[in-house]
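**Student:** The following block contains the structure, expressed as structure tokens.
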Amino acid sequence: EAAAVGSSVGGTARFGRVDAQAAKQTAFSVAVVVLGAKMAKADGAVSRDEVEAFKQVFHVPPSEVKTVGRIFDAARRNADGFEPYARQVAILFHDEPQVLESLLAGLYHIARADGPLRPTEISYLNRVAAIFGLDAAAVARASVAGGPMAGADGPDPYAILGVARSASDEEIKQT
């Protein structure tokens, strides 16, 4: 599922005050662009495939392409400094974990665009998931939703089901 980005990067003023929903959308849009760019940079280089993956997952309105491009280019200079953006999204959507899970799935999609996940990408994704407060099952679902699994970096099927590895067949069937 794709997310719209940048639909209100500039914000909306009403009688000298910023509309709360517009402010939330602006903060989310900027955070998504920064997190996506820094995800692409996590393995050391931003590839054309990763940029295309960003565009596939996070749709940018034509009127916002230049602004989003400037934010992306500035953010992709290095992978550091993503935590404040992840925290901001976690706060904005603390009562909507499905939004956080979808965003993490988009980041997995970007990470896998240029091949199997690398240790630095896994570390980035795990740190974002921790900041978002997502449990192992949500992270496993995001990993699967983010694209095809490559080798041993795939999700744990027990985590997806939310059961212990020692669970009996009967316990698994009850989930």
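**Student:** In the list ALA45, ALA74, ALA31, which residue meets the criterion of being of a type in the set (Gly, Ala, Ser), open to solvent by less than 40 Å² (accessible area, probe 1.4 Å) and either in a helix (DSSP H, G or I) or modelled with pLDDT of 90 or more (or both)? I'd like the intermediate steps shown before the answer.
**Tutor:** Working: ALA45 fails: open to solvent by less than 40 Å² (accessible area, probe 1.4 Å); ALA74 fails: open to solvent by less than 40 Å² (accessible area, probe 1.4 Å).
Sole residue among the options that is of a type in the set (Gly, Ala, Ser), open to solvent by less than 40 Å² (accessible area, probe 1.4 Å) and either in a helix (DSSP H, G or I) or modelled with pLDDT of 90 or more (or both): ALA31.
**Student:** Related question: Given the criterion more than 20 Å from ALA145 (Cα to Cα) and of a type in the set (Lys, Arg), identify the matching residue among ARG87, ARG112. Write out each step before concluding.
**Tutor:** Details: ARG112 fails: more than 20 Å from ALA145 (Cα to Cα).
Testing whether each residue is more than 20 Å from ALA145 (Cα to Cα) and of a type in the set (Lys, Arg) leaves just ARG87.
**Student:** Then there is this: Got a number for residues in the stretch 48-67 being assigned to a helix (DSSP H, G or I) and under 16 Å from the mean Cα position of the chain (by Cα)?
**Tutor:** Kept after step one, since they are assigned to a helix (DSSP H, G or I), are these residues of the stretch 48-67: 48-57, 62-67.
Of the ones still in play, those that are also under 16 Å from the mean Cα position of the chain (by Cα) are 50-57.
The qualifying residues number 8.
**Student:** If LYS55 meets every condition in (1) at pLDDT 95 or above; (2) open to solvent by 40 Å² or more (accessible area, probe 1.4 Å) apart from one, which number is that one?
**Tutor:** (1)
**Student:** Can you pull out every residue in the stretch 124-144 that is of a type outside the set (Phe, Trp, Tyr), touching a residue at least 40 places away in the same chain (Cβ under 8 Å) and on the phi < 0 side of the Ramachandran plot? Outline the logic, then answer.
**Tutor:** Let us first name the residues in the stretch 124-144 that are of a type outside the set (Phe, Trp, Tyr), namely 125-131, 133-144.
Narrowing further to those that are touching a residue at least 40 places away in the same chain (Cβ under 8 Å): 125, 127-128, 131, 133, 138, 141-142.
If the condition is that a residue be of a type outside the set (Phe, Trp, Tyr), touching a residue at least 40 places away in the same chain (Cβ under 8 Å) and on the phi < 0 side of the Ramachandran plot, then LEU125, ARG127, VAL128, ILE131, ALA138, ARG141, ALA142 are the ones that fit.
**Student:** Out of the stretch 110-120, which residues are surrounded by fewer than 23 Cβ atoms within 10 Å (Cβ to Cβ) and not in a loop (DSSP other than H, G, I, E, B)?
**Tutor:** Listed by number, the residues that qualify are ARG112, PRO119, THR120.
The values are calculated or read from the model by the stated rules, or taken from the named source; none is laboratory data. Note that the structure is predicted; figures quoted are calculated from it, not measured. Neighbour counts are summed over all protein chains in view; Cβ atoms, including those assigned to glycine, are modelled from backbone coordinates with ideal geometry. Note: accessible area is taken over every heavy atom of the protein model, side chains too, but ligands, DNA and RNA are not part of it. Shrake-Rupley method; radii C 1.70, N 1.55, O 1.52, S 1.80 Å.
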